[in-house]
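The values are calculated or read from the model by the stated rules, or taken from the named source; none is laboratory data. Everything numeric in this text was worked out from a predicted model, so none of it was measured. Positions of Cβ are generated from backbone atoms using ideal geometry, with glycine treated the same way; all protein chains shown enter the neighbour counts. For the accessible areas, the whole protein counts, side chains as well, though only heavy atoms, and no ligand, DNA or RNA atoms are used. Shrake-Rupley method; radii C 1.70, N 1.55, O 1.52, S 1.80 Å.
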Amino acid sequence: MFTRILVPTDFSKPSDAALAHAKRLAANTGATIHLLHVVDNMFLRAVLGDPHDYEAAALRQLQDRAPTQPGVNSLLAVERSDEPADEITSYARTHGIDMIVMGTHGRGRMAHLLLGSVAEKVARTAPCPVLTMRDAPPAADVKGIRILVPTDFSPAADAALGCARRLAAKLRGSIRLLHVVEHPGIGASYGAELGAPEPAVVREEQVAKAKADLSGRILVDSRSRVTITSDVVLGPSSTMIAAYAGDNGFDLIVMGTRGRGGFARLLIGSVAESVIRTASCPVLTVKAGETSTTARVTEAEAAGAVA
């Protein structure tokens, strides 16, 4: 299902962790790894001497990190750009990339607002699913992974569930569908007490409806042998998802993102971006209608793959 995996790297520990995970994925799926280093032009202008010397040194670092496993092919590239995130997404489009795997430094709230994040921008704008991680995932084989799929029942969330099903079928994993009913009184920050709490009966109705919607999505997948369970929790989505994944030992979060950008993102924020910054496990983001630039595994094929 993934034939071309792009790994952007700045040679940091999070980038090396992402590359290690991409190598394991490639070994299990037969994908080719594209290893990319983007040189920020602002940095180059501050470098004394010939910038080609820096690019040559960067290429040597890529060569040192290139996969050596039998059957795993790789392509290496060093590019210049004023906007590294834009260069990464442009490379993905040009080379028909099926998945981007990259590290994130997990900046805090204030630094995030002031500086932004290359990983988060790529997750919003990439033409394919984006897998981000802050720390090295467990060294065990990726087969048998436990996948958490948060859902708000939107098209983007359904696209994420479809991607998770294909991954679980390929890697013999299991899926937990999670819906968070927003509850300002749980895990709320200062000032939340100013909002009027919803009556208990309203929350009970929301929980009942969510359970019904979750059951419907599991029933649709009844032909597959992928194990899918579900849960409903109360609290703020932006914090509950990462906490739930950590408390229950999930290996991967697969979630939808609407690709919100510009001023709306600054005002409203993004649950997906918050999870990218705070989750202790890798996070795979998928946009609604997102399709691979190579052949896709259809839902029927995913069911048949484990038949």
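Considering only residues that are modelled with pLDDT under 70 and not acidic (Asp, Glu), which ones fall in the stretch 39-77?
Across the stretch 39-77, the qualifying residues are Met42, Phe43, Leu44, Arg45, Ala46, Val47, Leu48, Gly49.
Which of the residues that make up the stretch 211-241 are within 20 Å of Ser274 (Cα to Cα) and touching a strand residue (DSSP E or B) at 6+ places or on another chain (Cβ under 8 Å)?
Residues satisfying the conditions are Val232, Val233, Leu234, Gly235, Pro236, Ser237, Met240, Ile241.
Please tell me if Ala111 is at pLDDT below 90, part of a helix (DSSP H, G or I) and open to solvent by 30 Å² or more (accessible area, probe 1.4 Å).
So Ala111 fits the description; yes.
Could you pull out the residue among Ile253, Ile276 that is within 16 Å of Ala168 (Cβ to Cβ) and modelled with pLDDT of 85 or more?
Within the list Ile253, Ile276, the selection yields Ile253.
Determine whether Ser224 is surrounded by 19 or more Cβ atoms within 10 Å (Cβ to Cβ), at pLDDT below 90 and not in a helix (DSSP H, G or I).
In short, yes.
Pairs please, first residue from the stretch 53-64 and over 10 Å from Val78 (Cβ atoms), second anywhere and open to solvent by less than 70 Å² (accessible area, probe 1.4 Å), Cβ atoms under 8 Å, 6+ apart in sequence or on different chains.
Filtered contacts from the stretch 53-64: Gln63/Leu76.
When the residues of the stretch 198-221 are filtered to those that are out of contact with any Lys or Arg (no Cβ under 9 Å at 6 or more places or on another chain) and in a loop (DSSP other than H, G, I, E, B), which remaining residue is modelled with the highest pLDDT?
Here the residue is Pro199.
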